[in-house]
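As structure tokens, the structure follows; a few thoughts come after it.
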Amino acid sequence: MKTLFETIGHRLGQKVAQGKNTFNLMGGTEEDSLRAEIRLGRDLAAALVARIPLVEENETTRFAAQIGRWLAGHVKERKHPFNVRVTGEPEPNAIALPGGSIFVSWPMLEMCHGERDEIAFLVAHEMAHIVRRHALDRIINDAALSLLLRQTSGRHAASAWLSKAGRQLLGSGYSRDEELEADVFAVALVGTAGGDALAAGERLLAELAQRASVQGVGIAGDYFATHPPIVERIANLRAKRQG
């Protein structure tokens, strides 16, 4: 029987270097790969929740979850069971896991000031990392996790990985192109749903930039330090809004 890692369809070596889609590397149907991705994501989410406290459900957390469901209904690729949860981390942060789980820290949510479209931009940006498989690719390309998935079950592998290298990887940013792609995806998705993410996204990023300049890029660990410069993302959104 194939391990979870093999079912997802990832193979180290030349094919990865050539950038082929992970779902096509070892055969199997896309449905099989999607089920495996969702299972991996659930294992990672369970391991993450065991280490990071969730904020007790309240009106704001319910609003964020509602926005997640609203956006999910407008995603063309309706394959992932998206869910949005709010963590009690002390710093602004957001994490997307393969399969559909999105975690937003309370300070990051507070920065949206209860504005629907700002929260929607934030959530849709993380959805992009899932739909475009940025989240999946970077996780299963991690050598430590790939080894653990070959040796033990998904739940135990996820827990062990998060205890070591996993938290650092999840807290780091994606590539410049992936982040800008996620911004474009977020604007389009929120727009399709009936919102205005261009102005909202610009406002949120501007506040992030202002806070980072005052407190330093370390306000969310490596999150801001490893993301593309926020000013570049703002300029990109502003150009689209004015164009």
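The values are calculated or read from the model by the stated rules, or taken from the named source; none is laboratory data. Treat the numbers as computed from the prediction; the structure is a model and nothing was measured. A quick note on method: Cβ atoms are made from the backbone with ideal geometry, for glycine too, and the neighbour counts reach across all protein chains shown. These area figures cover heavy atoms from the full protein model, side chains too; ligands, DNA and RNA do not enter into them. Shrake-Rupley method; radii C 1.70, N 1.55, O 1.52, S 1.80 Å.
Looking at (1) at pLDDT below 50; (2) at positive phi, find the lone condition where Gly28 falls short.
(1)
Please determine, by comparing only the residues of region 88-135 that are part of a helix (DSSP H, G or I) and small (Gly, Ala, Ser), which one is modelled with the lowest pLDDT.
Taking the candidates together, the pick is Ala135.
Among the candidates Glu115, Glu110, Glu77, which residue alone is in contact with a helix residue (DSSP H, G or I) (Cβ under 6 Å, 6 or more places away or on another chain), under 22 Å from Asp196 (Cα atoms) and open to solvent by 10 Å² or more (accessible area, probe 1.4 Å)?
Glu77
Yes or no: region 227-242 includes at least one residue that is touching a helix residue (DSSP H, G or I) at 6+ places or on another chain (Cβ under 7 Å), modelled with pLDDT under 70 and outside any helix (DSSP H, G or I).
yes
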